[in-house]
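A.B. asks: Can you keep this structure in mind? I'll have questions shortly.
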Amino acid sequence: MRDQPKAAELLDWYDQHARKMPWRVGPADRKAGVAPDPYRIWMSEIMLQQTTVAAVKDFFLRFTTRWPTVQDLAAAKDEDVMGEWAGLGYYARARNLLKCARHVTDELGGVFPDTYEDLLKLPGVGPYTAGAVSAIAFDQAATVVDGNVERVMSRLYDIHTPLPAAKPELTERAAALTPSKRPGDYAQAVMDLGATICSPKNPACGICPWRSPCIARRQGTAAELPKKTPKKPKPTRVGTIYVARRVDGAFLLERRPDKGLLGGMLGWPGSEWQEAKVAEHQKPISAEWKTLPTEARHTFTHFHLKLTVKTALVPMDRTPNQGDFVAQQDFRPSDLPTVMRKAFDLAFVKAGN
DNA sequence: CAGCCGTGGAC
DNA sequence: TGTCCAAGGCT
């Protein structure tokens, strides 16, 4: 009978190879009795949803420097939080982050729930995040299943069922391996393993602490797992965006509605974005509009976008019918989501306006 | 349950 | 250039 993977083998590896991260309490400190701050663990987990560690680091440091406690965050203005989140993507996370901080502050006395069940009730906290926070912040033996764990389990047990259909089976396997000792370190260890050794491409099976019990490694199928159902091709949408500056330096911007794409974020007024050719539409303000020679290109999760960028220098006496003027000193380009910043760069940096 | 929801780096 | 992918959640 083949040997089974042991949590202890992975924890020994983690003790030697744990990655250092701004929000992490490493294995040595944890053994010395250092407890993680649930606020920081929660925030890191929200930021890490579908987002790489490298991308999150700077955002995490900026957020926790500006808002060191959940009460500080709860007291923040919506626009400040959305502006700090700009560029990180999936903006519903930022709206839920603030909603959750205010709930914890106002209804829970500023104390994060410490059980999976109660964490799951918080806005923006799903099965993965509830498990991760309960394990990492509170050292509870929760089963944590993210993309890394799915990949590691599919390879350990050579599971060829494509995702997402395989999710229940992979979760069952993960639960069976979760130890009652050091569950917080274990949860992070599996994810570190998946991110470094058991990687999507070219897994380093030769140095894996679980190479011996890994079935896919013996079968030679590790690199092709997990299987995934094929994705739909992305359509291309087109639109027009209006980047205007008034003669006093103010910019014509609008706050997007909370629901939908780039919800709650600052942006330039413009047309709808559609696959069909855009019908003629009203300009946001009366001015002498010029079309830039280069269009702004951007790719979202489920479509490509080509934006025609129009610019204008607007006299003082005009009133916008879409958007509001923001004084130059109140505007930071870094508050814009990336597609809007691309349009800004084309209009005001590349074109030199 | 499948579609919606961002971004930047790797290849 | 294009595609894949990353510590998912919500509807």
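The values are calculated or read from the model by the stated rules, or taken from the named source; none is laboratory data. This is a predicted model, so every value here is computed, not measured. When we count neighbours, we look across all protein chains shown, and the Cβ atoms used for this are built from the backbone with ideal geometry, even at glycine. Heads up: the accessible areas ignore ligands, DNA and RNA and are worked out on the full protein's heavy atoms, side chains in. Shrake-Rupley method; radii C 1.70, N 1.55, O 1.52, S 1.80 Å.
A.B. asks: If you check A:Ala74, A:Ala54, which single one turns out to be open to solvent by 10 Å² or more (accessible area, probe 1.4 Å), free of Cβ contacts under 8 Å to residues at least 12 places away in the same chain and among the small types (Gly, Ala, Ser)?
C.D. replies: Among A:Ala74, A:Ala54, only A:Ala54 is open to solvent by 10 Å² or more (accessible area, probe 1.4 Å), free of Cβ contacts under 8 Å to residues at least 12 places away in the same chain and among the small types (Gly, Ala, Ser).
A.B. asks: For segment A:215-242: of the residues being more than 16 Å from DNA strand C (Cβ to nearest atom) and in contact with a Leu (Cβ under 8 Å, 6 or more places away or on another chain), which is nearest to A:Pro164 (Cα to Cα)?
C.D. replies: Filtering first and then ranking leaves A:Ile215.
A.B. asks: Further question on the same structure: Name the residue, out of A:Val145, A:Val133, that is β-branched (Val, Ile, Thr), part of a loop (DSSP other than H, G, I, E, B), touching a residue at least 24 places away in the same chain (Cβ under 8 Å) and in the same structural domain as A:Pro168 (by TED's automatic domain parsing).
C.D. replies: The unique qualifying residue is A:Val145.
A.B. asks: Of everything in segment A:50-101 that's basic (Lys, Arg) and not in a loop (DSSP other than H, G, I, E, B), which residue is nearest to A:Gln188 (Cα to Cα)?
C.D. replies: Here the residue is A:Lys57.
A.B. asks: Which of the residues that make up segment A:176-187 are loosely packed, with under 14 Cβ neighbours inside 10 Å and either among the hydrophobic types (A, V, I, L, M, F, W, C) or under 12 Å from A:Val145 (Cα atoms) (or both)?
C.D. replies: A:Ala176
Residues checked against (1) away from DNA strand B (no atom under 16 Å from the Cβ); (2) touching a helix residue (DSSP H, G or I) at 6+ places or on another chain (Cβ under 9 Å); (3) free of Cβ contacts under 8 Å to residues at least 24 places away in the same chain; (4) not assigned by TED's automatic domain parsing to the domain that holds A:Val339:
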| site | (1), (2), (3), (4) |
| --- | --- |
| A:Gly83 | no, yes, no, yes |
| A:Tyr91 | no, yes, no, yes |
| A:Gly110 | yes, yes, no, yes |
| A:Leu122 | yes, yes, yes, yes |
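A.B. asks: Does segment A:249-256 contain at least one residue that is of a type in the set (Lys, Arg), farther than 24 Å from A:Ala94 by Cα and touching a strand residue (DSSP E or B) at 6+ places or on another chain (Cβ under 6 Å)?
C.D. replies: No, because not a single residue in segment A:249-256 is of a type in the set (Lys, Arg), farther than 24 Å from A:Ala94 by Cα and touching a strand residue (DSSP E or B) at 6+ places or on another chain (Cβ under 6 Å).
A.B. asks: Going by what's in this entry, would A:Arg66 be described as open to solvent by 30 Å² or more (accessible area, probe 1.4 Å), away from DNA strand B (no atom under 16 Å from the Cβ), touching a helix residue (DSSP H, G or I) at 6+ places or on another chain (Cβ under 9 Å) and over 26 Å from A:Ala141 (Cβ atoms)?
C.D. replies: In short, yes.
Yes/no per residue for (1) surrounded by fewer than 17 Cβ atoms within 10 Å (Cβ to Cβ); (2) closer than 30 Å to A:Asp345 by Cα; (3) modelled with pLDDT of 95 or more; (4) within 16 Å of DNA strand B (Cβ to nearest atom):
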position: A:Glu150; (1), (2), (3), (4): no, no, yes, yes
position: A:Ile159; (1), (2), (3), (4): no, no, yes, no
position: A:Ala189; (1), (2), (3), (4): no, no, yes, no
position: A:Asn202; (1), (2), (3), (4): yes, no, no, yes
position: A:Pro209; (1), (2), (3), (4): no, no, yes, no
position: A:Leu253; (1), (2), (3), (4): no, yes, yes, yes
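Every residue, every condition in (1) within 11 Å of DNA strand B (Cβ to nearest atom); (2) open to solvent by 20 Å² or more (accessible area, probe 1.4 Å); (3) within 24 Å of the chain's Cα centre (by Cα), yes or no:
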position: A:Leu292; (1), (2), (3): no, yes, no
position: A:Thr299; (1), (2), (3): yes, yes, yes
position: A:His304; (1), (2), (3): yes, yes, yes
position: A:Leu307; (1), (2), (3): no, no, no
position: A:Pro315; (1), (2), (3): no, yes, no
position: A:Thr319; (1), (2), (3): no, yes, no
position: A:Asp324; (1), (2), (3): no, yes, no
position: A:Met340; (1), (2), (3): yes, no, yes
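A.B. asks: Looking for whichever is more than 10 Å from DNA strand C (Cβ to nearest atom) and of a type in the set (A, V, I, L, M) here; the options are A:Ala18, A:Ala92, A:Ala28, A:Ala55. Which one fits?
C.D. replies: Of A:Ala18, A:Ala92, A:Ala28, A:Ala55, the one residue that is more than 10 Å from DNA strand C (Cβ to nearest atom) and of a type in the set (A, V, I, L, M) is A:Ala28.
A.B. asks: Here's a follow-up. Tally the residues that are of a type in the set (Ser, Thr, Tyr), surrounded by fewer than 23 Cβ atoms within 10 Å (Cβ to Cβ) and touching a Pro at 6+ places or on another chain (Cβ under 9 Å), restricting the search to segment A:115-142.
C.D. replies: So the count comes out to 1.
A.B. asks: While we're here: Could you please find all residues in segment A:280-303 being away from DNA strand C (no atom under 16 Å from the Cβ) and in contact (Cβ under 8 Å) with a residue 24 or more places away in the chain?
C.D. replies: Answer for segment A:280-303, where residues must be away from DNA strand C (no atom under 16 Å from the Cβ) and in contact (Cβ under 8 Å) with a residue 24 or more places away in the chain: A:His281, A:Gln282, A:Lys283, A:Pro284, A:Ile285, A:Ser286, A:Ala287, A:Glu288, A:Trp289, A:Leu292.
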